[in-house]
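The values are calculated or read from the model by the stated rules, or taken from the named source; none is laboratory data. It should be emphasised that the depicted structure is a prediction, and the values quoted were computed from it without experimental measurement. Backbone-built Cβ (ideal geometry, glycine too); neighbour counts: all protein chains shown.
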């Protein structure tokens, strides 16, 4: 049976987290961690999904029934119910697959992922899984999709995974790679910024954490007092300053701006004690600045640390009980891999 192997990068939101869903700009970059997807055609019309020990078989009929169920929840704006759907590990890629099959048909597929992107951490593991699968599924259906088509299909998965509220920022970053400026109104704008930021990622291990849950917390925070919208506009103003500092490669200023951005994230309720503990440890160890990246509530922080300080920052974050590692920014986007599937 024909086989296609693809891969997609992790994403890091540099600034604009949560603001991007409220008409504000955001900046993101593709990170060097990747998800690889192998897709084989089947002799029948069924689909299988496998990731590690997780496995399911889904008929074509059930695929479209699932799509109809989720479409109805979206149409009714039943966000809490969508959040419950997100508890199903394979719900987001299954929903993405339903759009692709509805659009271009194609054979039954065996789909399997391998990844070194931590799941549910804020590094866009879901978008990487969806974009890599989408490119392979389109290809095996004999369709050569443009970038915006892969982004749109994959974005449907993020809508489910994020509890009914999601921009296409994650999927855009996974598809294009590099560094992006993104707004909901204008979509993704790849930026010609030839700067590799010296970032250390700090990962917490909060058990009861999901992007859908954090989006609900922030949504209710704003609904309780609409005047709090100024915090998201303030975040948008900081995005402009951060983009300017990046273009100038002004790392000290960028560090200060990260710290100010983090204060807003803590104010809107997207922080967790584990995040704050890691940020304070990183600053004590010599980081220029640090902030939550993504939804928050655990997940990851990013710290701007010059190369000679990175080892100390990594050790300081690890001492809080988390995990830390350096990443390369500006990685390539989704692609078909020439190398075979190992093992």
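Which ones in segment 137-157 are crowded, with 24+ Cβ neighbours inside 10 Å, in contact (Cβ under 8 Å) with a residue 60 or more places away in the chain and touching a strand residue (DSSP E or B) at 6+ places or on another chain (Cβ under 8 Å)?
Within segment 137-157, just 137 meets the criteria.
Check 120, 130 and return the single one that is modelled with pLDDT of 95 or more, within 17 Å of the chain's Cα centre (by Cα) and within 26 Å of residue 297 (Cα to Cα). Quick ask: steps written out before the conclusion?
On the way: 120 fails: modelled with pLDDT of 95 or more.
So the residue among 120, 130 that is modelled with pLDDT of 95 or more, within 17 Å of the chain's Cα centre (by Cα) and within 26 Å of residue 297 (Cα to Cα) is 130.
Checking residue 270 against (1) in contact with a strand residue (DSSP E or B) (Cβ under 9 Å, 6 or more places away or on another chain); (2) without any contact (Cβ under 8 Å) to a residue 60 or more places away in the chain; (3) closer than 23 Å to residue 79 by Cα, only one condition comes out false. Which one?
(2)
Does residue 94 meet the test of being touching a residue at least 24 places away in the same chain (Cβ under 8 Å), under 19 Å from residue 22 (Cα atoms) and more than 14 Å from the chain's Cα centre (by Cα)? Even if it seems obvious, please write down each step before you answer.
Details: touching a residue at least 24 places away in the same chain (Cβ under 8 Å): yes; under 19 Å from residue 22 (Cα atoms): no; more than 14 Å from the chain's Cα centre (by Cα): yes.
When the stated conditions are applied, residue 94 does not pass them.
Scanning for something touching a helix residue (DSSP H, G or I) at 6+ places or on another chain (Cβ under 9 Å) and either assigned to a helix (DSSP H, G or I) or in the same structural domain as residue 128 (by TED's automatic domain parsing) (or both), does segment 287-308 turn up at least one residue?
Initially, segment 287-308 is screened for residues touching a helix residue (DSSP H, G or I) at 6+ places or on another chain (Cβ under 9 Å), giving 287-292, 294-306.
With the extra rule that they be either assigned to a helix (DSSP H, G or I) or in the same structural domain as residue 128 (by TED's automatic domain parsing) (or both), the set shrinks to none.
No, that holds for no residue.
Inspect all residues belonging to segment 206-216 and state whether any of them is surrounded by 23 or more Cβ atoms within 10 Å (Cβ to Cβ) and modelled with pLDDT of 90 or more.
Within segment 206-216, none of the residues are surrounded by 23 or more Cβ atoms within 10 Å (Cβ to Cβ) and modelled with pLDDT of 90 or more.
Which fully enclosed strands (runs of 3 or more DSSP E) of segment 17-89 have 2 or more residues being free of Cβ contacts under 8 Å to residues at least 40 places away in the same chain and either crowded, with 21+ Cβ neighbours inside 10 Å or touching a strand residue (DSSP E or B) at 6+ places or on another chain (Cβ under 9 Å) (or both)? If you could, list the steps in order and put the result at the bottom.
Working: elements: 26-41, 47-51, 54-58.
Once the strands (runs of 3 or more DSSP E) in segment 17-89 are filtered for at least 2 residues that are free of Cβ contacts under 8 Å to residues at least 40 places away in the same chain and either crowded, with 21+ Cβ neighbours inside 10 Å or touching a strand residue (DSSP E or B) at 6+ places or on another chain (Cβ under 9 Å) (or both), what remains is 54-58.
Of everything in segment 184-205 that's touching a strand residue (DSSP E or B) at 6+ places or on another chain (Cβ under 6 Å) and part of a loop (DSSP other than H, G, I, E, B), which residue is modelled with the highest pLDDT?
Among those that are touching a strand residue (DSSP E or B) at 6+ places or on another chain (Cβ under 6 Å) and part of a loop (DSSP other than H, G, I, E, B), it is 197.
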